[in-house]
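What follows is a single structure, written as structure tokens, with notes after it.
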Amino acid sequence: MRLYVTPASPWVRRVVVSILELGIRDRFQFVQTKWPHAWATQTVAPNPEFWGATPVVRIPALATVDFTLTDSHSICDYLNGEFGNFRLLPRDGVARWRALANISVANGIIEAQISRRAELLRSEHERSNDFIGKMQDRQLRCFEALEKQVPAFGAIFDLAQITTAVACGYEDWRYGTDWRAAAPKLAAWFDAVSKRPAMQATRPAETPQA
């Protein structure tokens, strides 16, 4: 199976951390993609093979023999069911819905982070500072909400915790540490889980430019 990746994407990191935590790295060929900064506002074709693999043209994308999954949510669902025996996310019941509640908040952070990044890549006279501020406010609210959930985090580094850790890591890397003052318990938890080999192996870096 081919997994199209780039080191800057928190969506990619979410998938790769899941793969590493499940111990199934050998099942995947990681295909590095390159993206110009124009991705923020324009349709770009980073790679003919990738363009042919998915009409969505976004990462991550997982190409199997039978189908291509074109977002981290479906890919993580596939990994969880096919290889993880539902270890990353319970199949059903209250535990599933509680995990999804935290995942939805952490996903909200990542979505705001990426939207903010795209806006910042516009030329200065085109970008909206109001929109950037709106994304910052959303990120902070979500960090504060996850701060309240830290005492309930379980011993298993599941998909909810992976997604939360990825959001924290991207924030530190791309935007700085201001969030930590609003969520000190979450920051301390993140510092601890960041020592996991899967997190160390997937620390973000700038995307290679096409």
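The values are calculated or read from the model by the stated rules, or taken from the named source; none is laboratory data. All values reported here derive from a predicted model rather than from experimental measurement. Using ideal geometry, Cβ is built from the backbone for each residue, glycine included, and neighbour counts are taken over all protein chains shown.
Pairs are defined by a Cβ separation below 7 Å, a sequence spacing of at least 6 or placement on different chains, a first member in segment 178-203 that is closer than 18 Å to V12 by Cα and surrounded by 12 or more Cβ atoms within 10 Å (Cβ to Cβ), and a second member that is of a type in the set (D, E, K, R) and modelled with pLDDT of 95 or more; the pairs so defined are A198/E21; T202/R13. Do we have P151 as in a loop (DSSP other than H, G, I, E, B) and over 27 Å from V31 (Cβ atoms) here? No, not satisfied.
Which one is surrounded by the most Cβ atoms within 10 Å (Cβ to Cβ), of the residues in segment 89-105 that are touching a helix residue (DSSP H, G or I) at 6+ places or on another chain (Cβ under 7 Å) and in a loop (DSSP other than H, G, I, E, B)?
Kept after step one, since they are touching a helix residue (DSSP H, G or I) at 6+ places or on another chain (Cβ under 7 Å), are these residues of segment 89-105: 89-90, 99, 102-103, 105.
In the following step, the residues that additionally are in a loop (DSSP other than H, G, I, E, B) were identified as 89-90.
Numbers: L89: 21, P90: 17.
Per the stated criteria, the residue is L89.
Candidates in segment 171-210 are the residues that are part of a helix (DSSP H, G or I) and under 19 Å from F30 (Cβ atoms); of these, the one that is farthest from the chain's Cα centre (by Cα) is P197.
Residue-by-condition table, conditions (1) under 26 Å from E171 (Cα atoms); (2) in a loop (DSSP other than H, G, I, E, B); (3) without any contact (Cβ under 8 Å) to a residue 60 or more places away in the chain:
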residue	(1), (2), (3)
V44	yes, yes, no
V56	yes, yes, yes
I59	yes, yes, yes
S74	yes, no, yes
L79	yes, no, no
F86	no, yes, yes
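Select, from E111, E171, the only residue that is crowded, with 18+ Cβ neighbours inside 10 Å, closer than 14 Å to W11 by Cα and of a type in the set (D, E). Answer to the selection: E171.
Got at least one residue in segment 55-65 being at pLDDT below 75 and surrounded by 15 or more Cβ atoms within 10 Å (Cβ to Cβ)?
So the first thing to find is which residues in segment 55-65 are at pLDDT below 75, and the list is none.
Within segment 55-65, none of the residues are at pLDDT below 75 and surrounded by 15 or more Cβ atoms within 10 Å (Cβ to Cβ).
Across segment 19-51, what is the total count of residues that are small (G, A, S) and modelled with pLDDT of 95 or more?
Residues flagged as small (G, A, S) and modelled with pLDDT of 95 or more within segment 19-51 amount to 1.
With respect to A101, is the statement that it is of a type outside the set (K, R) and free of Cβ contacts under 8 Å to residues at least 12 places away in the same chain true? Give the steps one after another, and end with the answer.
Details: of a type outside the set (K, R): yes; free of Cβ contacts under 8 Å to residues at least 12 places away in the same chain: yes.
Here the answer is yes, as A101 does meet what is asked.
If the condition is being touching a Leu at 6+ places or on another chain (Cβ under 7 Å), farther than 20 Å from H73 by Cα and among the aliphatic types (A, V, I, L, M), then segment 142-195 contributes V150, A182, A183, L186.
Going by the conditions given, is D66 in a helix (DSSP H, G or I), outside the structural domain of G133 (by TED's automatic domain parsing) and out of contact with any strand residue (DSSP E or B) (no Cβ under 8 Å at 6 or more places or on another chain)? Step through it out loud before you land on a result.
Details: in a helix (DSSP H, G or I): no; outside the structural domain of G133 (by TED's automatic domain parsing): yes; out of contact with any strand residue (DSSP E or B) (no Cβ under 8 Å at 6 or more places or on another chain): yes.
The answer is no for D66.
Of all the numbered requirements in (1) within 30 Å of T41 (Cα to Cα); (2) more than 13 Å from the chain's Cα centre (by Cα); (3) surrounded by 13 or more Cβ atoms within 10 Å (Cβ to Cβ), E126 misses one, and that requirement is (3). Flag: V15 does not match the condition of being of a type in the set (V, I, T), outside any helix (DSSP H, G or I) and not assigned by TED's automatic domain parsing to the domain that holds E171.
Evaluated against (1) under 18 Å from the mean Cα position of the chain (by Cα); (2) closer than 22 Å to A8 by Cβ, L100 falls short on exactly one condition, (2). Whenever a residue of segment 107-129 is among the aliphatic types (A, V, I, L, M), its partners that are at pLDDT below 95, lying with C-beta atoms within less than 6 angstrom and at least six residues away or across chains, give the pairs A118/A40; L121/H37; L121/A40.
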